[in-house]
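Everything on this sheet refers to the single structure shown next.
We did not get these values from a lab; they are worked out from the coordinates using the rules stated. Predicted model only: the values in this text are computed from it and were never measured. We place every Cβ from the backbone using ideal geometry, glycine too, and count neighbours over all the protein chains shown.
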Amino acid sequence: MHLTLEFGGGLELLCESVKVHNVNVDMPKGADKLTMKDLLAWVRTNLIKERPEMFMKGESVRPGVLVLVNDCDWELSGQLDTTLEEKDVMLYENAMKSVLSGVLYLSSLSSASIGRLVYVLWNVVLL
């Protein structure tokens, strides 16, 4: 099955700094479908080159890793039981690094810039 796997937020460093992987994954023997659980086992064996504990905990991703399947949060599609289909796109993002980057960016802004940003967000998002 042809899939696209994207790693971000520093997780690409575990895969030799390659962010996007176009892969072909065989279905497990005797299985008629490929699940996210199967894919994660394949990723651990075939893509993660160092420190797999930074990506996985047990059979799942570790807390703080955001997983999207075709831009949909995997928590809405069944997590490990999510059935994958040909040409699906998976995104694995270190959510903690993304939040930290946002905080660091905001901390670099002047108070006037933060005030303008809050004003824009208030008017666009809440009104």
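Computed quantities for the displayed model
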read-out: Relative intensity, log₁₀ I(q)/I(0), of segment 39-82 from a Debye sum that treats every alpha carbon as a point, q = 0.21, 0.26, 0.28 Å⁻¹; value: -0.72, -1.02, -1.11
read-out: Sequence-separation-based contact order of segment 2-99, relative, with Cα cut under 8 Å and 6+ spacing, percent; value: 40 percent
read-out: Karplus 3J(HN,Hα) series, Hz, for segment 58-69 with 6.51 cos²θ - 1.76 cosθ + 1.60 (x for Gly, Pro); value: x, 9, 10, 6, 6, x, x, 9, 7, 10, 10, 10
read-out: Kirkwood Rh in Å, taken over segment 2-99 so that all alpha-carbon pairs contribute; value: 13.4 Å
read-out: Lys, Arg +1 and Asp, Glu -1 on Cβ, resulting dipole of segment 4-58 about Cα centre, debye, nearest 20; value: 160 debye
read-out: Scattering curve values for segment 1-45, log₁₀ I(q)/I(0), Debye with Cα scatterers, q = 0.20 Å⁻¹; value: -0.67
read-out: Under Karplus coefficients 6.51, -1.76 and 1.60, residue-wise ³J(HN,Hα) of segment 42-53 in Hz, glycine/proline x; value: 5, 4, 4, 6, 10, 10, 6, 9, 8, 6, x, 5
read-out: Dipole moment magnitude, nearest 20 debye, segment 2-99 about Cα centre, only Lys, Arg, Asp, Glu C-beta charged; value: 360 debye
read-out: Dipole-positive endmost among Thr82, Tyr92, Gly58 within segment 2-99 (Cβ charges, Cα centre); value: Gly58
